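Read through the structure below, which is laid out as structure tokens, and then see the notes.
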Amino acid sequence: MRLVVVGGVAAGLSAAARARRIDRSLEIVVLEKGEDVSYAACGLPYLVEGRVRAAEQLVVYTAGHFRRERNIDVRTSTEVVAIEHARRRVVLRGGDSLPFDRLVVATGARPDTTGIAGAGLPHVFTLHTLRDGVRLRDFLREKRPRRAVVAGAGYIGLEAVEALRARGLDVTLMFPGHDLLGRHDPELARVLIAHIERFRVDVRAEQPLRSAAALDTDLVVLATGLKPNVELAAEAGANLGPTGAIQVSDRMETSLGSVYAAGDCAETTHLVTGRAVYLPLGTTANKMGRVAGATAAGARERFPGVVGTSVVRVCGLGVAVTGLSKEQARQEGFEPVAARIESGDRARYFRGRPTTVELVADRRTGRLLGGLVLGEDGAAGRINVVATALHHRLCVDDFEQLDLAYAPPFAPVWDPLLIAAQQLQKAM
């Protein structure tokens with residue numbers, strides 16, 4: 001029995017490793033079109049900043065490790081150009097083919113630079129692959145640019161702003177509309193823009209980038225979103241979902257028999273709305289890959305979906321979100337009520353720092369729908385509490401009674417989460 005995995009980064013190698021643990025007899029072949037496998041893409045901004053000193057520090061495992069230690073044949077610089085499902089084989093660039101019994105498609109995503117002229121110029125960069133990060137770092141070292149433009153105000157864009165400011169560049173951030181982090185939260189956008197501007201970043205909202213060549217700058221980073229690499233699967237006959245990514249079941253099954261998909265090329269289910277969602281995050285990719293590998297190896301595991309949890313550092317400020325904002329909840333047909341508070345993150349005599357918490361709930365049912373945490377420290381831990389509540393469909397009544405830890409060096413007697421829940425109860 002041969003399992004072929006197309007794609008050798010987060011989802012693909014998670015799938016291969018999980019399949020190997022379940023079935024020691026499987027022949028497993030991973031085909032990666034790039035030169036690098038199993039690297040921490042989320043660390044790329046810190047490589048650019050200089051906090052990560054060498055690209056090798058971001059490599060989790062090499063192709064050789066998988067061959068030696070796990071009996072997984074990982075082939076780099078090997079591009080699949082077609083999936084011939086009826087013949088149960090993949091076609092490689094150059095004309096060779098490889099038969100499969102089961103196939104995992106983990107082709108990831110690519111930066112979406114559609115409609116941007118000059119995206120291929122030498123001083124224009126994306127920040128998606130390990131090679132992207134190395135190329136940008138080397139450009140900074142060798143050319144010593146003074147001015148940079150970052151296009152896009154998602155996670156990658158905001159992290160790029162911080163990295164470039166840390167290296168002393170004058171940075172302009174430009175993006176269409178007024179929305180940051182895709183949250184549809186005007187108050188969050190206002191707070192973040194004011195915070196970024198305090199670090200002498202020129203923020204230009206409602207300015208979509210049409211041409212990188214037209215900018216008067218030394219360096220451009222395009223962080224204008226991701227586009228799922230669905231072409232291989234779609235041309236083979238796999239169904240795409242409403243998001244435009246590959247449609248899968250909770251066992252990562254596509255519409256093609258014995259073909260599974262996982263990671264940034266596939267959609268999943270949002271557990272708050274129950275709808276299909278496309279959220280290309282490393283955590284999600286690894287979990288989806290793990291289930292795809294298990295299913296391909298004959299086990300019965302499932303990935304129910306996500307609540308949309310993420311955290312990013314923006315010029316020293318932790319910004320953590322999960323679930324829906326108030327506006328997103330309204331668009332999904334809920335009757336949302338929100339409460340936003342600011343409180344200390346520990347006892348006052350331990351120099352507690354301000355933490356902002358917002359919670360959103362449905363007025364009709366009392367169910368918690370989402371949350372936001374802003375703070376210099378502890379944002380990730382607190383948002384994880386809210387994410388857990390969303391996974392278990394907690395109501396505000398239950399959330400308010402959570403037994404959260406207290407000790408003066410770590411948290412106040414009334415945690416900001418509980419204060420926000422109390423205020424949300426009043427608002428409801």
Item to check | Selection from the range 118-141 of residues that are surrounded by fewer than 19 Cβ atoms within 10 Å (Cβ to Cβ) and among the hydrophobic types (A, V, I, L, M, F, W, C) | outcome: Leu121, Val134, Phe139
Next on the checklist: Restricting to the range 309-335, and then to whatever is of a type in the set (Gly, Ala, Ser) and part of a strand (DSSP E or B), can you tell me which residue is farthest from Tyr46 (Cα to Cα)?
Outcome noted: Gly323
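Given the residues Leu256, Leu279, which is the only one that is part of a loop (DSSP other than H, G, I, E, B), in the same structural domain as Val9 (by TED's automatic domain parsing), under 15 Å from the mean Cα position of the chain (by Cα) and modelled with pLDDT of 95 or more? Talk me through it step by step, then tell me what you get.
Working: Leu256 fails: under 15 Å from the mean Cα position of the chain (by Cα).
Checking each option against the conditions leaves just Leu279.
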Checklist outcome for this item: Out of (1) closer than 21 Å to Gly305 by Cα; (2) part of a helix (DSSP H, G or I); (3) of a type outside the set (D, E, K, R), the one Val360 does not meet is (2)
Item to check | Residues (touching a Phe, Trp or Tyr at 6+ places or on another chain (Cβ under 7 Å), surrounded by 24 or more Cβ atoms within 10 Å (Cβ to Cβ) and not hydrophobic (A, V, I, L, M, F, W, C)) located in the range 282-319 | outcome: Thr295
Checklist entry - Among (1) more than 22 Å from Gly308 (Cβ to Cβ); (2) surrounded by 15 or more Cβ atoms within 10 Å (Cβ to Cβ); (3) in contact (Cβ under 8 Å) with a residue 40 or more places away in the chain; (4) not charged (D, E, K, R), where does Leu418 come up short? => result (3)
Checklist entry - So which residues in the range 195-254 are touching a Gly at 6+ places or on another chain (Cβ under 9 Å), crowded, with 22+ Cβ neighbours inside 10 Å and either under 17 Å from Ala153 (Cβ atoms) or hydrophobic (A, V, I, L, M, F, W, C) (or both), if there are any at all? => result Leu209, Ala212, Val220, Val221, Leu222, Ala223, Thr224, Val230, Val248, Met252
Item to check | Flag if Asp415 is of a type in the set (D, E, K, R) and under 16 Å from Ala320 (Cβ atoms) | outcome: yes
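For every residue, the table says whether it meets (1) in contact (Cβ under 8 Å) with a residue 12 or more places away in the chain; (2) under 25 Å from Leu136 (Cβ atoms); (3) in contact with a Cys (Cβ under 7 Å, 6 or more places away or on another chain).
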{"site": "Gly177", "(1), (2), (3)": "yes, no, no"}
{"site": "Gly182", "(1), (2), (3)": "yes, yes, no"}
{"site": "Phe199", "(1), (2), (3)": "yes, yes, yes"}
{"site": "Glu206", "(1), (2), (3)": "yes, no, no"}
Next on the checklist: Condition first: part of a strand (DSSP E or B) and either under 28 Å from the mean Cα position of the chain (by Cα) or under 26 Å from Gly274 (Cβ atoms) (or both). Can you find one or more residues in the range 409-428 that meet it?
Outcome noted: no
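For the structure I just gave you, tell me whether Arg68 is within 15 Å of Ala297 (Cβ to Cβ), of a type in the set (D, E, K, R) and in a helix (DSSP H, G or I).
Details: within 15 Å of Ala297 (Cβ to Cβ): no; of a type in the set (D, E, K, R): yes; in a helix (DSSP H, G or I): yes.
So Arg68 fails the test.
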Next on the checklist: Where the second residue is surrounded by fewer than 17 Cβ atoms within 10 Å (Cβ to Cβ) and modelled with pLDDT under 95 and the first is more than 18 Å from Trp414 (Cα to Cα) and lies in the range 376-397, which pairs have Cβ atoms under 7 Å and are six or more apart or on separate chains?
Outcome noted: Glu376/Gly316; Glu376/Arg353
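Filter the range 284-305 down to the residues that are polar (S, T, N, Q) and in contact (Cβ under 8 Å) with a residue 40 or more places away in the chain and list them by number.
Restricting attention to the range 284-305, the residues satisfying the condition of being polar (S, T, N, Q) are 284, 286, 295.
If the condition is that a residue be polar (S, T, N, Q) and in contact (Cβ under 8 Å) with a residue 40 or more places away in the chain, then Asn286, Thr295 are the ones that fit.
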Item to check | Residue that is modelled with the lowest pLDDT [pool: residues in the range 1-53 that are polar (S, T, N, Q) and surrounded by 20 or more Cβ atoms within 10 Å (Cβ to Cβ)] | outcome: Ser38
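The values are calculated or read from the model by the stated rules, or taken from the named source; none is laboratory data. Fair warning: this is a prediction, and the values are worked out from it, not measured in the lab. Using ideal geometry, Cβ is built from the backbone for each residue, glycine included, and neighbour counts are taken over all protein chains shown.
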